[in-house]
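Colleague: Have a look at this one.
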Amino acid sequence: MAIKSKSRQKKFDTRIDFTPMVDMNMLLITFFMLCTTMIKSQTLQIALPSNEKVENELKNKVKESEAITIIIDGEIDEKTGLAKPEEGMLYYYDGKPETSNLINGESNMKQAEFGSKQGAYDAIRGILQERNKEVVLKVNDLKKKWKDMGFSNNEEKNDSIFQAERKKVMNDSTLKRPVVIIKATPHASYANVVSVLDEMQINNINRYQIDRINEVDSAMMIMVKKKNLEK
Amino acid sequence: MGKVKIKKKETRIDMTAMSDVTVLLLTFFMLTSTFLQKEPVQVITPPSVSEEKVPVANLLSVLVSPEGKVYLEVLGSQDSTDNKKYGSENVRAHMLQYMAEHYNALHPGANISFTPEELATFSKCNAFGVPITRMKEWLRLPTDQRDKALEAGPGIPIDMNEDPNKPNEFQQWVQAAYNSIDEELRDAVVKGSGISIKADQTTPYSVVNVVMDNLQTIKMNKFTLMTALKTEEE
């Protein structure tokens with residue numbers, strides 16, 4: 001008996017089996033991986049004009065040839081009271097509103113499409129790009145240089161120089177740059193407003209402002225809608 | 001001789017190395033993870049091409065529900081225990097005190113004050129949004145019921161107010177952040193990177209407009225909008 005037990009003790013494995021430990025660790029890793037927020041939200045910076053009177057007068061001095069007004073309209077779901085981003089509508093006009101023949105449904109307001117895809121109307125991206133051609137061309141040149149690491153071999157340095165150069169071009173007053181006035185009706189969805197603000201970024205426009213919609217704008221919009229329905 | 005050798009060969013794999021690796025990974029994830037903070041309303045922010053990240057500190061975010069309820073979240077500079085001026089908790093406690101004083105000043109007859117215990121409770125709340133008159137009541141609730149009360153409650157009172165001398169409650173809260181004891185938060189709010197509006201993409205513009213107008217009235221013309229990432233299509 002004594003000899004037998006001795007031999008058994010010799011055979012006893014002293015190593016611990018780590019498989020369950022690994023299992024548990026893997027489970028915990030999965031939990032933490034799923035719970036962490038890897039993708040952080042982004043922010044979009046905007047600056048509203050101050051609502052003091054002096055500034056308002058200055059605002060009106062914007063050169064008419066440079067101004068483009070964009071109006072965002074939308075639809076509200078009656079049941080939920082939420083706006084429907086996919087039902088958003090976009091209108092725009094250059095310079096001052098022309099309302100001399102509004103009774104007959106004629107004005108300089110036109111409808112447009114969101115984003116870059118041409119649909120029944122011209123896409124807003126193309127419209128803005130056309131008006132900001134000089135800046136866009138220059139920025140595209142810079143972008144090419146940036147992609148080839150033309151500013152610096154250091155990636156971070158390359159980025160920062162590119163951003164600085166881009167800002168310089170966007171603020172270059174010798175170039176023809178538009179002033180965009182963004183207006184939204186109460187029915188417009190927040191997503192549509194942000195997508196228009198986004199177009200400013202995409203088209204390298206730095207002169208834009210958010211304004212309140214007025215009666216002339218809404219009257220013109222109604223006429224455009226009416227005319228489009230007749231078509 | 002050869003036969004004996006084959007028999008002795010171990011078939012089990014040594015898991016020690018594997019275990020080492022997993023523990024290492026686990027430690028990494030535990031240390032780097034920041035848990036999603038619970039919010040009174042779930043919102044899906046609209047996509048944009050902007051690549052600026054949301055700051056992790058020094059941020060006053062205005063959470064707007066689609067119905068127009070407004071909640072606030074305050075983050076001070078990175079929490080530090082050795083300094084009494086900085087950190088989210090100190091900032092929140094100070095904001096509540098500021099709020100009580102200024103609310104009383106503007107509303108004759110109102111006499112709102114908070115005990116140190118209430119201030120301590122408030123400083124632990126990430127998101128808040130109840131009228132100041134009901135704040136005491138809300139702080140007395142147990143933690144789990146507080147979240148529910150936020151959801152069911154009216155949010156921070158806000159209306160179209162164009163008189164900067166008579167700010168509404170929402171504007172007073174923003175002013176409290178503007179005058180917070182944390183200099184870093186104050187700087188961020190002044191520069192505009194410290195205020196962020198977080199709203200759902202289906203929210204009607206009129207709702208967001210109320211918040212923007214309110215900020216404009218108290219001369220906070222610079223702020224940010226929270227968005228989700230979208231890649232630029234060429």
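Colleague: Any idea which of B:132, B:25, B:204 is furthest toward the positive side of the dipole for the protein assembly as shown, if Lys and Arg beta-carbons carry +1 and Asp and Glu beta-carbons -1?
Modeller: B:25
Colleague: Straight-line reach from residue A:84: which aspartates and glutamates have a Cα under 16 Å away, not including same-chain ones fewer than 8 places off?
Modeller: Once the sequence-local aspartates and glutamates are set aside, what remains near residue A:84 is A:73, A:75, A:113, B:67, B:200.
Colleague: Separate question: Considering only protein heavy atoms, what per residue accessible area in square angstrom results for the protein assembly as shown with a 1.4 angstrom probe?
Modeller: Using a 1.4 Å probe on heavy atoms only, each residue of the protein assembly as shown averages 59 Å².
Colleague: I would also like to ask the following. Can you list the residues of region A:151-197 that have at least 30 square angstrom less accessible area with all protein chains present than in their chain by itself, probe 1.4 Å?
Modeller: Residues shielded by partner chains are A:186, A:190, A:191, A:194.
Colleague: Further question: Compute the FRET efficiency between residue A:99 and residue B:44 as 1/(1 + (r/R0)^6), taking r as their Cβ-Cβ distance and R0 = 41 Å, and round to the nearest 0.05.
Modeller: 0.60
Colleague: Another question, then. Given contacts defined as C-alpha pairs under 8 Å and at least six residues apart, what's the relative contact order of region B:158-232, whole-number percent?
Modeller: 37
Colleague: So how exposed is residue B:107, as accessible area in Å² (1.4 Å probe, rounded to 10)?
Modeller: Here the residue's solvent-accessible area equals roughly 70 Å².
Colleague: Rounded to two decimals, what is the ratio between the C-alpha radius of gyration of the protein assembly as shown and 2.2 N^0.38 Å?
Modeller: That works out to 1.30 for the protein assembly as shown.
Colleague: Please identify every one of the GluC sites (Glu not before Pro) in region B:120-212 that sits in a loop by DSSP and has no more than 14 other beta carbons within 10 Å of its own beta carbon.
Modeller: B:162
Colleague: Using a ≥ b ≥ c from the Cα gyration tensor of region B:48-172 (square roots of the eigenvalues), is it rounded, prolate or oblate, where a/c under 1.5 gives rounded and otherwise the larger of a/b and b/c decides, a/b for prolate?
Modeller: Rounded shape, in that the Cα axes give a/c under 1.5.
Colleague: So, with +1 on the Cβ of K and R and -1 on the Cβ of D and E, and no other charges, what is the size of the charge dipole of the protein assembly as shown about its Cα centre, to the nearest 20 debye?
Modeller: Values: 62 positive and 65 negative charges, 541 e Å.
Approximately 2600 debye in magnitude.
Colleague: Quick check for me: using +1 on Lys/Arg Cβ and -1 on Asp/Glu Cβ, what's the dipole size of chain A about its Cα centre, in debye to the nearest 20?
Modeller: For chain A, the charge dipole is close to 1480 debye.
Colleague: Is the shape of region A:80-128 best called rounded, prolate or oblate, per the rule: a/c under 1.5 gives rounded, else a/b larger than b/c gives prolate, else oblate, with a ≥ b ≥ c the square roots of the Cα gyration tensor eigenvalues?
Modeller: oblate
Colleague: Still on this structure, please answer the following. Using DSSP to define loop residues, name the trypsin sites (Lys or Arg not before Pro) in region B:90-159 whose beta-carbon has at most 16 other beta-carbon atoms within 10 Å.
Modeller: B:124
Colleague: Along the charge dipole of region B:140-196, which of B:189, B:175, B:143 sits closest to the positive end, that is, farthest toward it, with unit charges on the beta carbon of Lys, Arg, Asp and Glu (+1, +1, -1, -1)?
Modeller: Checked the options; the winner is B:143.
Colleague: How high is the relative contact order of chain B? Use alpha-carbon pairs under 8 Å, at least six apart in sequence, and give a whole percent.
Modeller: The value is 27 percent.
Colleague: Still on this structure, please answer the following. Mind telling me which of B:60, B:26, B:185 comes out most flexible in a GNM of chain B, alpha-carbon contacts under 10 Å?
Modeller: Highest fluctuation among the options: B:26.
Colleague: For chain B, with only Lys/Arg (+1) and Asp/Glu (-1) charged at the beta-carbon, what is the dipole magnitude about the Cα centre, in debye rounded to 20?
Modeller: 1320
Colleague: Shifting gears a bit: Gaussian network model of chain B, Cα springs within a sub-10 Å range: biggest mean-square fluctuation belongs to which of B:48, B:193, B:61?
Modeller: The residue with the greatest mean-square fluctuation here is B:48.
Colleague: Still on this model: At 20 Å minimum axial length over the Cα atoms and a Kyte-Doolittle cut of -1.0, report the qualifying DSSP H helices in chain A, or say none.
Modeller: Those that pass (Cα extent of 20 Å or more, hydropathy at least -1.0) are A:19-35, A:133-147, A:215-230.
Colleague: Compute the FRET efficiency between residue A:122 and residue B:148 as 1/(1 + (r/R0)^6), taking r as their Cβ-Cβ distance and R0 = 41 Å, and round to the nearest 0.05.
Modeller: 0.25
Colleague: Just to be sure I understand: of the beta bridges DSSP finds with both ends in the protein assembly as shown, what percent are antiparallel, rounded to 5?
Modeller: Antiparallel bridges make up about 60 percent of those DSSP assigns within the protein assembly as shown.
Colleague: Right, another one. Output the relative contact order of region A:58-162, whole-number percent, from Cα pairs under 8 angstrom with separation of 6+ residues.
Modeller: The value is 15 percent.
Colleague: With chain B treated as a Gaussian network of Cα nodes joined by springs under 10 Å, which of B:121, B:27, B:203 yields the largest mean-square fluctuation?
Modeller: Sorting by GNM fluctuation, first place goes to B:27.
Colleague: Going down the list A:143/A:168; B:124/B:222; A:133/A:225, which pairs span over 19 Å between their C-alpha atoms?
Modeller: Beyond 19 Å: B:124/B:222; A:133/A:225.
Colleague: Please work out the Cα center distance from region A:197-213 to region A:101-170, rounded to the nearest Å.
Modeller: If we compute the Cα centre of each part, the gap is 11 Å.
Colleague: Given A:117/A:167; A:79/B:148; B:136/B:219; B:69/B:198, which pairs have Cα atoms separated by over 19 Å?
Modeller: A:117/A:167; A:79/B:148; B:136/B:219
Colleague: Let me ask something additional. State the extension gain, in nm to one decimal, for the chain segment bounded by residue B:25 and residue B:228, taking 0.36 nm per residue of separation less the distance between their alpha-carbons.
Modeller: Full extension of this stretch gives 70.3 nm more.
Colleague: Looking at region A:129-231, which GluC sites (Glu not before Pro) are DSSP coil and have at most 14 other C-beta atoms within 10 Å of their C-beta?
Modeller: When the GluC sites (Glu not before Pro) of region A:129-231 are filtered for loop state and at most 14 Cβ neighbours within 10 Å, nothing remains.
The values are calculated or read from the model by the stated rules, or taken from the named source; none is laboratory data. Please read these numbers as outputs of a predicted model, since none were measured by experiment. Glycine also receives a Cβ, built like all others from the backbone with ideal geometry; neighbour counts cover every protein chain displayed. What goes into the accessible areas is simple: the full protein's heavy atoms, side chains included, and nothing from ligands, DNA or RNA. Shrake-Rupley method; radii C 1.70, N 1.55, O 1.52, S 1.80 Å.
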